[in-house]
Amino acid sequence: MSEPASLSPPRPRARRTRRGIWGVALVVGLAIAGILASYPRIERYYLRQAGAEDTATLQLATQVLRGALERTEALPALIAERPILRRLLAEPENEGLVPFTNELLRQAALSLDVSDIYVMDTTGRTVATANYRTEYSFLGQSFGFRPYFIDALNAGIGRFHARGTTSGRRGYFFAAPIIDATEIVGVVAVKLTLDRFETTWAESAATLVVTDTNNVIFMSDRSDWHFRTTAPLPEAAVEQIAATQQYPTMSLVPLDVSATAFAEGMERVEIATADGSEDYVRQTSLIAAAGWRVSILTPTGPAIQRAWTAIFLMSLVVVVLGLLAATILGRRARLIERLSEERSLAALLEARVAERTGELKAEVEERRATADRLRRTQAELVQAGKLAALGQMSAALSHEFNQPLAAVKSYAENAGTFLDRGRIEDARGNIDRISGLADRMATISKHLRNFARRPQDKTGPVPLGPIVADALDLMAPRLREAGARVHYAPPEAEIWARGGRVRLQQVVVNLLGNALDAMDTLDQPRIEITVTGGPAPEIAVRDAGPGLSDDAMAQAFDPFFTTKDPGQGLGLGLSISYNIVRDFGGRLSAENHPEGGAIFRVTLEAAPDNAELAAE
């Protein structure tokens, strides 16, 4: 007799499997490296997006400033035409004219919404002013050194921006000559204060800055930057500023600014401070008449955070896909090994039967026929087991990870938007939800292999109202995209049932998704959700679709049954939901509503009287 063949594991296949898994790991590593290498490009994208969101704010601020200046520019010439001003300058000793003119100017300033209106003689001395009642009255003050006074006498119109020498308030000055016949007898000036614009700018998350031709910051909602410079000043410019008393020279301290252009019309600016540095995206527009540059500085922090969130999500998707591929390779290899071992065993049995029954051909043929039938049966059983395992794995991964990942992305994008708007608490709430979804995904992974059969995690009292609310939050992006209207009135008193919160929430999400799929041809899908209590608490989800046919009603909860087009789904959602509800001791049923559409009911066992204590 020959030596029987020995059974040995298929080592070449095992090595090929290990090489395949290492190949998957290498591809995942290279993909993550590529994602990390693309970070600068992703960061520039989000920086451009952040800057674009503030472009409209810059344009609006520029238009408002330009409009205020243009509206005020024509006022001095109009006021200078009043005869009482010429009379006041012709009769400076007339004590009755001054009080009357002061009050006239005060009323004009109030009606024209300007800070101050005042009249000066040809030496620059103020003879009448609208602020005569205030502690910083201009009466008797001389402004002959101001450029707007000199330009009004020489060129007929004067304009100048500076900090007031008497009031200390910044403003823009317009001046025009007062002409009696053909002789200039004085100058009238109008001052427009600019503090109210900065108050409005402070409501924005971005920082607005107005600089003059000498790179001095004249306006900003950052008061600590007033009169700072964005570049060192030449000595001649400092002397001119001191001569005209335009700014306090002690405040002309340069900011440590470094700028790099990264997109059309946008610069990335870093400003060094005593506490570190501040990073912004800068955009600039011009007000040519005033010689001003209006810049908006958008903080880069939210954009950078959004870029890293995108990197994290892409890396997470790559890792999940890699784990899925490695799991498929491992299971496939084990199935092939078992099949090979069974075939080897069958061959060994055939050889032994042939050796021991060589003289009994009929019996040998019968045994061979039996062995052939056994091999076919075994192959069919192995194939069925392989398909069932692959079906459970695909269903768990595709249905249990897809919704949390979509929710993580939605909450992360909303957190970036909240941070852009300064809503820190709302952003922190979204981050907490992301953390909760990550915990949820870990729990799902733990029970993934047992998901298609009876789960091992404990069940207990759960509140149905919050479960439906959480499911609606998860489905909110898809509901909005479909334009669906959801009619749901939460129960006035909390309804408790026996089950698992995460898995029951997944059942509601699956039912909502099926409802949307059933109404994909409707312009305005409508979903009704009701939650009822009693001895058998129930969650009902009704759609406004065409309803279920008799065949669909009979097979609705069968695995791999679907009415969708090929490639649109595996037909596992309702089957998995059915098993989840059955694990809780409940039942999932479907029926057609008399008024149209289908309604799915989740009927559960009522929780015990101490539900609240058990929940805590």
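Miscellaneous remarks
- Computed extension gain for Q141 through Y488, at 0.36 nm per residue and net of the alpha carbon distance, reaches 117.7 nm.
- Based on Cα contacts under 8 Å between residues 6+ apart, region 212-329 shows a relative contact order of 14 percent.
- For the chain, the share of accessible area belonging to carbon and sulfur comes to 53 percent (1.4 Å probe, ligands and nucleic acids excluded).
- Note on E70 and Q245: with the Förster distance fixed at 25 Å, the Cβ-Cβ geometry gives a FRET efficiency of about 0.45.
- Quotient of C-alpha Rg and 2.2 N^0.38 Å, computed over region 113-207: 1.19
- Distance histogram in 5 Å bins (all Cα pairs of region 294-380, percent per bin): 3, 11, 11, 10, 8, 7, 7, 5, 5, 5, 4, 5, 4, 4, 3, 3, 2, 1, 1, 1, 0, 0
- Using a Förster distance of 56 Å, the FRET efficiency for S277-S340 (Cβ separation, nearest 0.05): 0.30
- Region 272-370: GluC sites (Glu not before Pro) falling in loop per DSSP and having at most 14 other Cβ within 10 Å: E359
- In order along region 309-323, the Karplus-derived 3J(HN,Hα) couplings, from 6.51 cos²θ - 1.76 cosθ + 1.60 at θ = phi - 60°, round to 5, 4, 4, 4, 5, 5, 5, 5, 4, 4, 5, 4, 5, x, 4 Hz, and Gly and Pro are given as x.
- Here the label points at R587 and T213, each 7 Å from Cα along the C-beta direction, are separated by 8.9 nm in the simple model.
- Averaged over residues, the count of other Cβ atoms within 10 Å places the peptides 481-494, 239-252, 157-170, 114-127 in the sequence 114-127, 157-170, 239-252, 481-494, highest first.
- Inter-site label distance for V253 and L30 at 7 Å from Cα along Cβ, in nm: 5.6
- Translational diffusion of the chain, µm² s⁻¹ [Kirkwood Rh, Cα pairs; Stokes-Einstein; 20 °C; 1.002 mPa s]: 66
- Quotient of Cα Rg and 2.2 N^0.38 Å for region 205-339, N being how many residues it contains: 1.84
- Per-residue extension of 0.36 nm, minus the Cα-Cα distance of A369 and L286, leaves a gain of 20.4 nm for this segment.
- The length gained by stretching the chain between D432 and A236 to full extension, at 0.36 nm per residue less their Cα-Cα distance, is 64.8 nm.
- Per residue of the chain, the DSSP helices (runs of n ≥ 4 H) give a summed -39500 (n - 2.57) that works out to -17500 deg cm²/dmol at 222 nm.
- Inverse of mean 1/r across different Cα pairs in region 457-518, Kirkwood, Å: 12.5
- Estimated from the Cβ-Cβ distance and a Förster radius of 41 angstrom, the FRET efficiency linking F262 and R18 is about 0.35.
- Percent RCO, i.e. relative contact order, over the chain, from Cα pairs under 8 Å lying at least 6 residues apart: 10
The values are calculated or read from the model by the stated rules, or taken from the named source; none is laboratory data. On a predicted model such as this, the values are computed, not experimentally measured, just so you know. Virtual Cβ from ideal backbone geometry, glycine too; neighbours counted across all protein chains shown. Heavy atoms of the whole protein, side chains included, go into the accessibility calculation; ligands, DNA and RNA do not. Shrake-Rupley method; radii C 1.70, N 1.55, O 1.52, S 1.80 Å.
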